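**Student:** I'd like to ask some things about the structure below.
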Amino acid sequence: MVEKSKFMINIGNSWDEFFKNECQKEYYIKLDSFLKKEYLENNIYPPKENILSIFKELPLKDIKVVILGQDPYHQAGQAHGFAFSVMPGVKKPPSLVNIFKEVKSDIGCSIPEMGYLLGWAKQGVFLMNTCLTVEECKPNSHKGHGWEILTDEVIRHIDKDDSPKVFMLWGRDARNKKELIQNEKHLVLETVHPSPLSAYNGFLGCKHFSKANSYLRANMKNEIDWCKL
């Protein structure tokens with residue numbers, strides 16, 4: 001009998017059925033074993049109890065926008081299970097600073113003091129990375145261990161829902177999932193990652209936030225108030 005995962009069960013909403021199905025698959029069992037070992041031997045982020053925070057916050061029926069990045073912040077105290085977000089009181093990482101710069105340029109919002117994106121999540125913004133964990137100071141260190149398979153399935157699951165959504169794919173790893181989005185009811189926006197290494201090659205000036213709201217408005221859905229955190 002396969003031991004149930006201690007990391008990825010009991011979401012508490014409609015995602016439970018999705019994870020119940022995934023946890024029986026071979027890749028998931030291997031991923032769980034890998035994570036147990038990693039959390040014992042290394043500093044891994046986010047804390048294991050926060051890996052699926054965004055799933056707990058936002059059931060499928062409430063998703064309007066999916067923002068997809070690479071992997072969590074790899075410094076202590078930053079990652080908490082929402083892609084690109086940090087908890088109140090934590091200094092904004094450079095990628096998040098660039099996100100706020102683009103929001104200001106595109107929408108006109110003032111750049112906030114904090115970087116906690118709960119206000120976005122509560123409005124229907126699903127903040128996920130292609131990999132959901134990382135070793136300290138080693139970006140993309142958990143790539144190739146099964147997370148990409150899981151997040152592929154998450155994207156397919158969201159794509160099947162016919163309620164119009166906007167997918168923002170930021171960076172190469174996120175953009176590689178474009179082919180998974182087949183439902184013509186959804187809008188796909190893609191650009192480089194907001195990291196300082198690439199932001200000036202297309203992220204700044206992409207206008208994804210206004211484009212997302214235009215699409216939501218055209219499909220009779222409430223827009224996202226990007227100024228509200």
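**Student:** Give me the accessible area of Ser163, 1.4 Å probe, in Å² rounded to the nearest 10.
**Tutor:** 40 Å²
**Student:** In addition: Show the residues, 5+ positions off or on another chain, whose built amide H is closer than 5 Å to the amide H of Phe126.
**Tutor:** Lys64, Val65, Val66, Ile67
**Student:** Run the numbers on the stretch 1-111 and let me know its relative contact order in percent, using alpha-carbon pairs under 8 Å that are six or more apart.
**Tutor:** For the stretch 1-111, the relative contact order is 21 percent.
**Student:** Check His193: other-chain or 5+ apart residues with amide H under 5 Å from its amide H, H built from backbone geometry?
**Tutor:** Under 5 Å from the amide H of His193: Gly171, Arg172.
**Student:** Under a Cβ-Cβ limit of 4.7 Å, which cysteines in the chain have nobody to pair with?
**Tutor:** Cys with no partner Cβ under 4.7 Å: Cys23, Cys131, Cys137, Cys206.
**Student:** What list of ³J(HN,Hα) values in whole Hz, one per residue of the stretch 36-43 in order, does the Karplus curve 6.51 cos²θ - 1.76 cosθ + 1.60 (θ = phi - 60°) give from phi, with Gly and Pro shown as x?
**Tutor:** 4, 5, 5, 5, 6, 9, 9, 8
**Student:** Could you rank Asp16, Asp173 by how accessible they are, 1.4 Å probe, largest area first?
**Tutor:** The residues order as Asp16, Asp173, largest area first.
**Student:** Rounded to the nearest whole Å³, what is the per residue volume of the convex hull around the Cα atoms of the stretch 66-148?
**Tutor:** 92 Å³
**Student:** Out of Asn43, Ile107, His142, whose Cα points farthest toward the positive end of the dipole of the chain (charges: +1 Lys, Arg; -1 Asp, Glu; placed on Cβ)?
**Tutor:** After comparing all options, I get Ile107.
**Student:** With a cap of 10 neighbouring Cβ atoms within 10 Å, and only residues DSSP puts in a loop, list the GluC sites (Glu not before Pro) found in the stretch 122-229.
**Tutor:** Of the GluC sites (Glu not before Pro), the ones in loops of the stretch 122-229 whose Cβ has at most 10 other Cβ atoms within 10 Å are Glu184.
**Student:** Karplus couplings for the stretch 114-119 from phi (6.51 cos²θ - 1.76 cosθ + 1.60, θ = phi - 60°), rounded to Hz, Gly and Pro as x?
**Tutor:** Each residue's phi maps through the Karplus curve to give 9, x, 7, 9, 4, x Hz.
**Student:** Using a 1.4 Å probe on the protein chains only, how many percent of the accessible area of the stretch 123-229 belongs to carbon and sulfur?
**Tutor:** 47 percent
**Student:** How much length is gained if the chain between Ser210 and Lys61 is pulled fully straight, taking 0.36 nm per residue apart and subtracting their Cα-Cα distance, in nm to one decimal?
**Tutor:** Using 0.36 nm per residue and subtracting the Cα-Cα distance, I get 51.4 nm.
**Student:** Give a residue-ordered list of calculated ³J(HN,Hα) values for the stretch 208-213 (Karplus: 6.51 cos²θ - 1.76 cosθ + 1.60, θ = phi - 60°; whole Hz; x for Gly, Pro).
**Tutor:** 5, 6, 6, 5, 4, 5
**Student:** If you don't mind, another one. If DNA, RNA and ligands are ignored and the probe is 1.4 Å, what is the ranking of Met220, Met128 by accessible area, most exposed first?
**Tutor:** The ordering from most to least exposed comes out as Met220, Met128.
**Student:** Within the stretch 136-180, find all residues whose amide N lies under 16 Å from a label point positioned 7 Å from the Cα of Ser14 along Cα-to-beta-carbon.
**Tutor:** Within reach of a label on Ser14, which here means backbone N under 16 Å from a point 7 Å along Cα→Cβ, the stretch 136-180 contributes 154-166.
**Student:** Go through the stretch 1-91 and name the GluC sites (Glu not before Pro) that are in a DSSP coil and have 14 or fewer other Cβ atoms within 10 Å of their Cβ.
**Tutor:** Hits after loop and neighbour filter: Glu3.
**Student:** So which lysines pass the test for Lys178, namely a Cα distance under 24 Å, with those fewer than 8 places away in the same chain ruled out?
**Tutor:** Cross-link targets: Lys25, Lys61, Lys64, Lys143, Lys160, Lys165, Lys207, Lys211, Lys221.
**Student:** Given Cβ point charges of +1 (Lys, Arg) and -1 (Asp, Glu) and nothing else, what value in debye, to the nearest 20, does the dipole of the chain about its Cα centre take?
**Tutor:** My answer is approximately 420 debye.
**Student:** Separate question: Restricting attention to the stretch 64-157, which trypsin sites (Lys or Arg not before Pro) occupy a DSSP loop and are surrounded by at most 15 other Cβ atoms within 10 Å?
**Tutor:** Sparse-neighbourhood loop trypsin sites (Lys or Arg not before Pro): Lys91, Lys143.
The values are calculated or read from the model by the stated rules, or taken from the named source; none is laboratory data. Bear in mind that the values here come from a model prediction, so they are computed numbers and not experimental data. Heads up, the Cβs are rebuilt from the backbone with ideal geometry, glycines too, and the neighbour counts pull from every protein chain shown. Remember, those area values only see protein heavy atoms, side chains included, never the ligands or the DNA or RNA. Shrake-Rupley method; radii C 1.70, N 1.55, O 1.52, S 1.80 Å.
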